[in-house]
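Each remark here refers to the structure printed beneath this line.
The values are calculated or read from the model by the stated rules, or taken from the named source; none is laboratory data. Note that this is a predicted model, so its numbers are computed, not measured. Neighbour counts run over all protein chains shown; Cβ positions are idealised from the backbone, glycine included. Note: accessible area is taken over every heavy atom of the protein model, side chains too, but ligands, DNA and RNA are not part of it. Shrake-Rupley method; radii C 1.70, N 1.55, O 1.52, S 1.80 Å.
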Amino acid sequence: MPLVTIAEDILAILRHALEAAGVGDIEPTLAAPSAPEHGDVASAVCLAAGKKLGQNPKELAETVADAMRTDAGFGATLSSVDVAGPGF
């Protein structure tokens, strides 16, 4: 059985949330935020998806974050998910 990293677990949760929000055709990526107070990992996938779909990226990110919070693997992998404002 392959060793799964935390990043792979987070990406799986994010993929499921994107699919639940109707955005299953964009592959998410993770990055380290520039400032530690902004969390451990970040993704700009909703910015790209919002532009592609003509949706408000922040509203899409809120929908995806809500879906992430209800994912079965959320509590074991993540303690919280937040939507950052512009510039983060």
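Taking all protein chains in place and a 1.4 Å probe, what share, in percent, of the accessible surface of the chain do carbon and sulfur account for?
The nonpolar share, carbon plus sulfur, comes to 57 percent.
Please work out the FRET efficiency for the pair residue 7 and residue 84, using the Cβ-Cβ distance as r and a Förster radius of 22 Å; give the result to the nearest 0.05. Intermediate values should be presented prior to the final figure.
On the way: r = 18 Å, r/R0 = 0.84.
The calculated FRET efficiency here is 0.75.
Compare 82, 25 by solvent-accessible area with a 1.4 Å probe and give them largest first, with all protein chains kept in place.
82, 25
Can you give me the accessible area per residue for the chain, using a 1.4 Å probe, in Å²? Intermediate results must be reported in sequence, preceding the final value.
On the way: 5810 Å² over 88 residues.
Value returned for the chain: 66 Å² of accessible area per residue.
So for the chain, averaging the separation of alpha carbon pairs under 8 Å that are six or more residues apart and normalising by length, what relative contact order in percent results?
In percent, rounded to a whole number, it is 30.
Of 16, 30, 44, which is farthest towards the positive pole of the chain's charge dipole, taken about the Cα centre with +1 and -1 on the beta-carbons of Lys, Arg and Asp, Glu respectively?
It is 44.
Hey, any idea what Rg/Rh is for the chain, computing Rh the Kirkwood way over Cα pairs?
That ratio is 0.95, to two decimals.
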